[in-house]
Every structure is written in structure tokens, then in C-alpha cells.
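None of the figures in this text is laboratory data; all of them are computed from the coordinates on show. Keep in mind it's a predicted model, so treat the numbers as computed, not measured. Here the Cβ positions follow ideal geometry from the backbone for every residue, glycine too, while neighbour counts run over all protein chains shown.
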Amino acid sequence: MDYSLLRQVLIGVVCNLLIVDSGFHEGWSTPMIPKLEHDDTLAKVTSEQGAWIINLMYVGVGVGSVIPLLLMDRIGRKWTLLIAAIPKISSWIIFACAQDYAAFYVGRLIAGIGTGVTYCVTPMYLGEISTKRTRGPLSASLAVWINIGMLIIYAIGLWTSRLVMSLIAVTVPLMFLLSFMWLPKSAIFLAKKNRLGKAERVLKWSLGRDNVDEELEEIKRIVSCEESEKITFWNSLTESVMRVESRKAFGITGILMSAMIFSGAAPILAYQSYTFEEAGFGVSTEISVLASGLAIVVSGFACVVLVKRTGKRMLLLIAAPATVLSLSVVASFFTLKTWEVDVSGIKWVPTLFIMTYALAYGLALNPLPLSYISEIFPMDVKVPAALYCSLFYATGSLLVVEIYQVLQESYGTYVPFWCFAAITSFLWLLIYLFVPETAGKSLEEIQMELRGKSSPLET
């Protein structure tokens, strides 16, 4: 039996408990906001307060993405992740006990802080503790675990009370806290602290063999290189601005992150209960919401399988137009309804095409930007890149949710759907023109390609 593989699976499962909990918080607003807006107790919220409850999680993600810069190199990836579990656990306790909108504001903000730390640090810890054999699958599965968390919280939240949902959900970060504390610090962090004996023992445990001389020497070279070059955050930031390939990498990442955010997933999924109710289809709203969550999970698994055959770029070029088509069809339905055209015979259209949207989004626009981020940046600019991506995600999500809410209430549901369709069409063109294929290429090959190609992204 391959015990080293079992250990790698164990590490992946334990680390991804915190990722699943992040999925809980990403999906929490879908079942809960409608309940809070119709609550007859003190916990009732207005639509504007509901929008802020959604948005404050993304504000927290932005704050949380800065915290690892202060902690990771001082206390290590492991203890940074253990600290991230504390606000996540606290948020579920607040949600269970909240009596007014202010408590939900606080709960969502600190949940976002824990989520922001999780998104920044988990890929780094997994990358440092895993083997070459398991590093790729563990990194690629992060988006899938987030989607699984969203599906689970849909299933729990739609049919249980806020108290019951919170009590069930809090068990996940608690399990993480109780199990992750027994896992080792990464060998790279230990080597940086000149604890080579401990680093060697960690390698033997994680690799499942006694001879780890080759891996230990590689870690020594990495640490020695970093120390000789004295790479600081400001040095990394300067390198990211000065080098052509780094600037192009930031431009490509901006395109991909924009496709992930401004295709409208955050507000569309958060407010989908209202969309289904407005359409008036006979299938219950709860079943429709659950079906969309299942669609994202299934397409996420399909992405992991298909990307090896088609490459990332091809999946993006297939998924983007499918997303545009789905958004356009839903927008057309609500446009006709606004014009008082009889749509009683096609009330099923929004349900079907929001599920189609979820499939297309989960196939590429959701998971692949994260995969590109891990591949197109050189090692010495990965910290500024991680901060850039986290802040981009937090700011973009905050903006897109607010835009959806304002446009939907001011003009009707069809307007934000048309806007997202137009934006995604433009981003589809940018993907075609500027986003390269990275599958099957080493980091050095990717950097040489970025350095050698002229591009309008380079100014």
C-alpha cells in the first residue's frame, strides 16, 4: 500500500475543510437573505441591508488577504491557517445568535477575513507540503471544494432554520482546527528557520520514505537563493512592475479574474431565489437553487477531467460564449415580461438557463483563473500576485453585487443580465486575443513566451 499517497490525501482533505467552509460563506446568502427579509423577528432586514450583508463578506476577504503578509514568514503557513479558523468559527456563532442586521454585518465581515486568509495561504501550504505527484490535483481541486461547500450550504440552509444551519456548519472549521493542529509545518518554512532536522523528518513523513536527501537539498537551494537575493515584498513589487513578463502576467490575470467576477456569478447565485420566484416556474425555488449548485459542482469535476485533454484556453473559449448565451436568454425572458408579453408558456426558461449558466461558469470561468494564477507568475512576484488577486476578487465582487442590486431594483431584472452578457462577450474577445495556453509548459517556458511576445497588454 502506498502510505505516502494516503498521507497526501489526508493533508488535502484536512486543508480543504477550511476551503469547504469558505464555500459555505460564499453560498450562505442564497438561502438566508430571503429568509431574513421575510423574518417577523428582530432579525428581519431590508433589501439594502441584505445587499450589505452579502458585500461585507468580500470586504473581509480584502482585509484578510493582507494578513498573511504580516504572519506567514513569522509564524508559518500552518499557524496562519489555524488563526484563520477562529474568525470562521466565531462567525457561525454570531449567525446563530444574531438579533439584528448589525450582528450579521459583523459576522459576514469576520467570515470574510478568515476566508481571505484561507484563499491566500492554503494553496501555498499545499504546494510546500505536497509531492510533485499530488501537487497538481490538490491545487486544481480548490475551486471544486468551494463549490461543494456552496452546494452543501444550499441543501442545509434551504430546509433548516438559521440556528440549525449555523450549528451544523460550525462543525467543519472545528474539525479543521482539531485535525490540522496535528499536521506538520512545511519543510520549506522549517528550513528558513534553520531547523533542518525537523524539516528532514517532515519530508520523511509526508513522502513516506527514509531517503529524502534529494528533496532536502532542493529545499536548501530554494532557501539559499531567497536569502542571497533577500527578496522582500517591496523588492517583489518592484520586479512585478519592471519586468515585461510580470506585467503581462498581471494583465492576463486581470482578464481572467474579470471573467470570473463580472460574468455576474456572485449576485446571480446569491439572488437566484428571487429570480426563480419572479419567473413563476412550477418547480419549487428550493429545488431550482439546489440544481444550480449541483450543476457547478458537476462541471467543476468535468473541468478537472477535461482540462488534461483540451487545455485551459480551449475550455475558456467554450465556456465564455455558453455563459453569454445563458445570460442573454434569461435577460430576453425578463425583457419580454417587462414589456407585458405573455410568457406563461416559457416560465421554465430562467430555471433552465441559470442552470446552463452554472454549468458553463463551473466548467472554466470559475476554476481556471485560479489555475492560471499559480502558473504564470515567477516565484519572486508570487506574494504581490496573491495580494493583487485577492484584492481584485474582493473589490470586484463588492462592486458587481452592488451594481446588480441597484440595476435590478431601479430598472428590472433584465438589465443586470444584459450588462453581464455584454461584459462577458467583451472578455471572451480579450481571452481569445491575449490569454495563452499554459497546459504542458514549465514555468520557464511560460515566462519565455510572455517575454518574447508583443502584446497590447504591454505598454
Practice problem: Mind giving me the nanometre distance, one decimal, between the label points for residue 341 and residue 100, set 7 Å out from Cα along Cα→Cβ? | Solution: 4.7
Quiz prompt | Normalised convex hull volume, the range 232-459, alpha-carbon set, Å³ per residue | solution = 121
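May I ask you to order 413-421, 398-406 by the average number of other C-beta atoms within 10 Å around their residues, highest value first?
Values: 413-421: 22.3, 398-406: 19.6.
Descending packing order for the listed peptides: 413-421, 398-406.
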Exercise. Just add up the charged neighbours of residue 51: K/R +1, D/E -1, any other residue whose Cβ is under 13 Å from the Cβ of residue 51.
Key: -3
Practice problem: State the label only: which of (1) 1.13; (2) 0.99; (3) 1.58 corresponds to Cα Rg over 2.2 N^0.38 Å computed from the shown model? | Solution: (2)
Self-check item: Sites residue 217 and residue 375 - FRET efficiency at Förster radius 22 Å, r taken between beta-carbons, to 0.05
Solution: 0.35
Quiz prompt | C-alpha long axis of helix 101-129 to longest principal axis of the chain, angle in ° | solution = 40
Quiz item: Residue-wise, which Karplus ³J(HN,Hα) couplings in Hz belong to the range 301-314, taking 6.51 cos²θ - 1.76 cosθ + 1.60, θ = phi - 60°, and x for glycine or proline?
Solution: 5, 4, 4, 4, 6, 6, 4, 5, 8, 9, x, 6, 4, 4
Self-check item: Ordering of 262-269, 245-252, 63-70 by packing [mean C-beta count within 10 Å, highest first]
Solution: 262-269, 245-252, 63-70
Exercise. For residue 70, put the label point 7 Å out on the Cα→Cβ axis and report which residues of the range 102-133 keep their amide N under 14 Å from it.
Key: 113-114, 117
Self-check item: Geometric extent, Cα atoms of the range 369-427 - Rg, Dmax (angstrom)
Solution: 15.5, 47
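Which entries in the list 220/441; 382/441; 78/382; 44/88; 193/312; 220/312 go over 28 Å, if you measure between the two C-alpha atoms of each? Don't skip to the answer; put the middle values down first.
Values: 220/441 25 Å; 382/441 18 Å; 78/382 19 Å; 44/88 23 Å; 193/312 38 Å; 220/312 33 Å.
Violating the 28 Å Cα-Cα cut-off are 193/312; 220/312.
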Quiz item: If you count, for each residue, the other Cβ atoms within 10 Å and average over each peptide, how do 388-394, 47-53 line up from highest to lowest?
Solution: 388-394, 47-53
Self-check item: Over the range 232-459, relative contact order from alpha-carbon pairs under 8 Å, at least 6 apart, %
Solution: 40
Practice problem: Provide the FRET efficiency to the nearest 0.05 for the residue 160-residue 302 pair, computing r from the beta carbons and using R0 = 25 Å. | Solution: 0.25
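Using the count of nearby Cβ atoms within 10 Å as a rough guide to exposure, how do 397, 179, 90, 410 rank from fewest to most? Show your work: numbers first, answer last.
Numbers: 397 25, 179 14, 90 18, 410 8.
Ordered from fewest to most neighbouring Cβ atoms within 10 Å, 397, 179, 90, 410 come out as 410, 179, 90, 397.
Which FRET efficiency value, to the nearest 0.05, do you get for residue 93 and residue 449 by plugging their Cβ-Cβ distance into 1/(1 + (r/R0)^6) with R0 = 56 Å?
With R0 = 56 Å, the Cβ-Cβ based efficiency is 0.70.
Which whole-number percentage describes the relative contact order of the range 1-103, with Cα contacts under 8 Å and a sequence gap of 6 or more?
Details: 35 pairs, mean separation 31.2, N = 103.
Once divided by the residue count of the range 1-103, the mean separation gives 30 percent.
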Quiz item: Short version: ³J(HN,Hα) in whole Hz for each residue of the range 264-273, in order, from phi by Karplus 6.51 cos²θ - 1.76 cosθ + 1.60 (θ = phi - 60°), x for Gly and Pro, what are they?
Solution: x, 4, 4, x, 4, 6, 5, 9, 5, 4
Exercise. Using only alpha carbon pairs under 8 Å that are at least six residues apart, calculate the relative contact order of the chain and give it in whole percent.
Key: 22
